[in-house]
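Report on the structure given below.
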Ligand SMILES: Nc1ncnc2c1ncn2[C@@H]1O[C@H](COP(=O)(O)OP(=O)(O)OP(=O)(O)O)[C@@H](O)[C@H]1O
Ligand SMILES: [Mg+2]
């Protein structure tokens with residue numbers, strides 16, 4: 001497989017239920033996403049965005065198809081490993097619409113919880129967490145509780161948390177939905193910078209068209225399958241920031 005590829009999907013299908021409750025959500029989606037790319041994922045509500053992210057993130061099992069993460073094939077009509085949790089922890093960072101910080105842990109403990117679960121030693125995990133807090137300009141909040149931070153600050157912590165494990169892929173489900181325009185642009189620019197600097201592939205679900213010019217490509221779910229919007233490529237060339 002080509003070296004710069006972060007995610008490859010081939011003919012992924014996903015349906016839920018049986019009989020009267022049967023619903024086909026994704027049909028034959030095939031795409032390739034490269035390291036360093038920030039992809040916007042758009043579709044109407046109920047269009048399958050979260051379902052698609054969760055399949056790439058090894059959370060939701062596709063009905064059929066093939067998935068590679070980096071050079072490792074993880075799915076071929078079934079999971080190829082029993083350790084999907086391990087893959088998820090090692091390779092993938094998740095960011096959600098609400099920040100989902102743990103309310104009774106302070107900021108630094110929220111950041112180091114996952115690395116501890118991954119058996120990184122505490123000192124290394126804390127050093128990495130502090131470095132990220134500094135990068136996101138919230139170093140002085142390390143001992144604060146999530147309730148003492150603003151929405152934008154909490155979302156930056158949530159992004160920092162997704163990065164603590166140095167994932168190869170970040171899956172962000174409407175990370176800016178709770179933020180105002182300026183904060184949203186800040187977050188999206190930050191994601192682009194992370195993608196570039198750390199060679200991470202990022203898929204970001206968004207409903208906000210104003211965020212699209214900051215993304216490298218737009219992936220749409222249309223007629224249950226994924227297509228890339230060409231127009232954005234031209235539009236994007238005028239927005240290199
Ligand atoms: N576990 C499930 N069981 C049955 N149906 C499901 C399940 N999860 C999702 N669906 C259905 O799959 C379709 C796609 O849902 P999904 O959450 O992926 O949409 P979405 O594009 O993320 O929507 P939104 O923009 O509202 O978040 C919907 O019709 C939903 O009802
Ligand atoms: Mg969704």
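With r defined as the distance between the Cβ atoms of residue 186 and residue 10 and R0 fixed at 30 Å, what FRET efficiency is calculated, to the nearest 0.05? The computed FRET efficiency comes out at 0.25. Highest-first packing order for the peptide set 3-15, 77-89 is 3-15, 77-89, based on the mean count of other beta carbon atoms within 10 Å.
The length gained by stretching the chain between residue 137 and residue 71 to full extension, at 0.36 nm per residue less their Cα-Cα distance, is 20.3 nm. Beta-bridge orientation, the chain: approximately 60 percent antiparallel, per DSSP, counting only bridges with both partners inside. By its C-alpha gyration tensor, with a ≥ b ≥ c as the square roots of the eigenvalues, how is region 43-179 shaped: rounded for a/c under 1.5, else prolate for a/b larger than b/c, else oblate? The shape class here is oblate. For helix 107-117, what angle does its Cα long axis make with the longest principal axis of the chain, in degrees from 0 to 90 and rounded to 10? Compared with the principal axis, the helix lies near 60 degrees. The label point for residue 24 and the one for residue 45, both projected 7 Å from the Cα toward the Cβ, are 2.5 nm apart. Take every Cα pair under 8 Å whose residues are at least 6 apart in sequence, average their separation, divide by the length of the chain, and the relative contact order is 27 percent. To the nearest Å, what is the center-to-center distance of region 30-103 and region 114-191, using C-alpha atoms only? After rounding, the separation between the Cα centres reads 20 Å. Treating the angle as unsigned and between 0 and 90°, give the value, to the nearest 10°, between the Cα long axis of helix 122-135 and the longest Cα principal axis of the chain. Result, in degrees: 90. Each of residue 124 and residue 228 was given a label point 7 Å from its Cα along the Cα-to-Cβ line. The distance between the two points is 3.5 nm. The long axis of helix 151-163 is offset from the longest Cα principal axis of the chain by roughly 70 degrees. Ranked by the mean number of other Cβ atoms within 10 Å of their residues, highest first, the peptides 203-215, 150-162, 176-188 fall in the order 150-162, 203-215, 176-188.
In the frame of its principal axes, the chain has Cα extents of 51, 44, 40 Å, reported largest first.
Every number here is computed from the coordinates shown, using simple stated rules; none is lab data. The shown structure was predicted, so the numbers you read here are calculated from the model rather than taken from an experiment. Glycine also receives a Cβ, built like all others from the backbone with ideal geometry; neighbour counts cover every protein chain displayed.
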